[in-house]
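Before any comments, here is the structure.
The values are calculated or read from the model by the stated rules, or taken from the named source; none is laboratory data. Remember, predicted model here, so these are calculated numbers, not experimental data. Please note: Cβ atoms are built from the backbone with ideal geometry, for glycine as well, and neighbour counts cover all protein chains shown. Heads up: the accessible areas ignore ligands, DNA and RNA and are worked out on the full protein's heavy atoms, side chains in. Shrake-Rupley method; radii C 1.70, N 1.55, O 1.52, S 1.80 Å.
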Amino acid sequence: MQYVYVFEDNQYAKLLPLVHARAVFELRCGLFSALERAIRQYPHATITLFCRNYLSDVMHERYSYRINSLHTTDDTCLFLNGRQLLSFPISTEGPEEIGIQDNTLVYVRLTGKNAKKLSPEMFLSDDPVRILQGSVRSRNIHAPVIHYFWDLIKYNKSQIEKDYLLFVKKGTILGKVYDGVYFVNEGQISIGEDSRIKPGCVFDAEEGPIYVGRHVTIAPNTTVEGPVFIGDHTVVQSQTRVREGSNIGEACKVGGEIVNTIFHSYTNKQHDGFIGDSYVGSWVNIGANTVNSNLLNTYGNIKVEMEDDLVDTNHMFLGMAMGDHTKTAIHTTIMTGSIIGFACNLISTSYLPKYLPSFTWHSNHGMVVYNMEKALLVAKIAMKRRGKEMTSAEEQLFRRVFELTKKERKSLSN
């Protein structure tokens, strides 16, 4: 029997606000999240998820896997860090071993006896390497590891190509393609069942593959330039420019111009406006002609405000991270390297600050705390409009995020 554990470690906070309401291993990069990739790499394994305790109720609703509990077994167990982007599976068989990349624990393979020494809390608060040092050999490996949101953006384009090569392999057109659609390098284009590609669309896979899921509608006169991923049940509006590196999760509605940007799921950006080199969470609504900057006029490295630090990203191109349930009004302008929190409401005609705490209401009159009950009601309405009811566990998580982010809003008035 194969036992695979996918875990969060104590560096998850560097990926906030994107992981307030999801585990690190649920973040998208390439065709899949780290969890989805592990499921495909270990199809016969018994999978367990280690995450923060306050996420466990929602995780039980999302998945049928064990959450935050160890199997009582003497078989070998493989623990995988949810921040790794291993394109190749680490064997579940073999001697006990710790895989390390630049001081980050990427994986641990242990017998049942040593595996029982570990716990979800240990990965989140302690250093398992220190505990196992001396009894288990260490190995330095070379694998991409996600530290900040801009790493997801950095690796996304190449990860789409790697995932396509490993898991899709060749193009297949299963959906309906109307007359007047043009494919460039058709062997690298996959269209899922019951998807519809309307007249005048151009799919250019010359620079990378294009993967379109099931039940996707791509309206007329849209251009798609690979590498690109478009998830199940997504709608792409007429005359949209989906450029290289775009990664659009399930049930999104998008339009305008998108480049090298990840939309997690259930997010609307239906109108004109540019979004580039960004990661946008779920249940976000982006108003018409909202744009973000992804390049400084000086062409210098972009710096990002994180808590009380200013972090040099070493990136020339970088847009923003936007948390779940955030809304922008029409003509919203977002600065280069911005972080916008969970459940913000942005209705200002002026430039936004580069850092906005979660539950911020920002207008021309300044910033105040977004009333939690009002934000929750708006979130429930938005979900219901898409045929989803917020569960009790999701509501409790929403409320918990408000409590967890109070410190961020210490300078705001109520």
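Quick look at the numbers
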| read-out | value |
| --- | --- |
| Any pair with Cβ under 7 angstrom, 6 or more apart, that starts in region 353-381 at a residue that is among the basic types (K, R) and ends at one that is open to solvent by less than 20 Å² (accessible area, probe 1.4 Å) | K354/G337; K354/S338 |
| Among residues of region 1-39, those that are out of contact with any Lys or Arg (no Cβ under 8 Å at 6 or more places or on another chain), under 23 Å from G94 (Cβ atoms) and either part of a loop (DSSP other than H, G, I, E, B) or at pLDDT below 95 (or both), counted | 3 |
| Residues of region 194-229 that turn out to be out of contact with any His (no Cβ under 8 Å at 6 or more places or on another chain), outside any strand (DSSP E or B), open to solvent by 60 Å² or more (accessible area, probe 1.4 Å) and on the phi < 0 side of the Ramachandran plot, as a count | 2 |
| Pick from region 392-414, criterion out of contact with any Leu (no Cβ under 9 Å at 6 or more places or on another chain), at pLDDT 95 or above and polar (S, T, N, Q), ranking: nearest to P17 (Cα to Cα) | Q396 |
| Sole exception among (1) open to solvent by less than 40 Å² (accessible area, probe 1.4 Å); (2) under 23 Å from the mean Cα position of the chain (by Cα) for D232, by number | (1) |
| Residues within region 60-81 that are open to solvent by less than 40 Å² (accessible area, probe 1.4 Å), in contact (Cβ under 8 Å) with a residue 40 or more places away in the chain and among the hydrophobic types (A, V, I, L, M, F, W, C), tallied | 4 |
| Cβ pairs under 9 Å, 6+ apart, first in region 203-218 and free of Cβ contacts under 8 Å to residues at least 40 places away in the same chain, second open to solvent by 30 Å² or more (accessible area, probe 1.4 Å) and hydroxyl-bearing (S, T, Y) | F203/Y182; F203/T223; D204/Y182; D204/T223 |
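Conditions (1) open to solvent by 60 Å² or more (accessible area, probe 1.4 Å); (2) in a strand (DSSP E or B); (3) under 17 Å from Y12 (Cβ atoms); (4) at pLDDT 95 or above, marked per residue:
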{"position": "L105", "(1), (2), (3), (4)": "no, yes, yes, no"}
{"position": "E121", "(1), (2), (3), (4)": "yes, no, yes, no"}
{"position": "R130", "(1), (2), (3), (4)": "yes, no, no, no"}
{"position": "R137", "(1), (2), (3), (4)": "yes, yes, no, no"}
{"position": "L152", "(1), (2), (3), (4)": "no, no, yes, yes"}
{"position": "S158", "(1), (2), (3), (4)": "no, no, no, yes"}
{"position": "Y164", "(1), (2), (3), (4)": "no, no, no, yes"}
{"position": "F183", "(1), (2), (3), (4)": "no, yes, no, yes"}
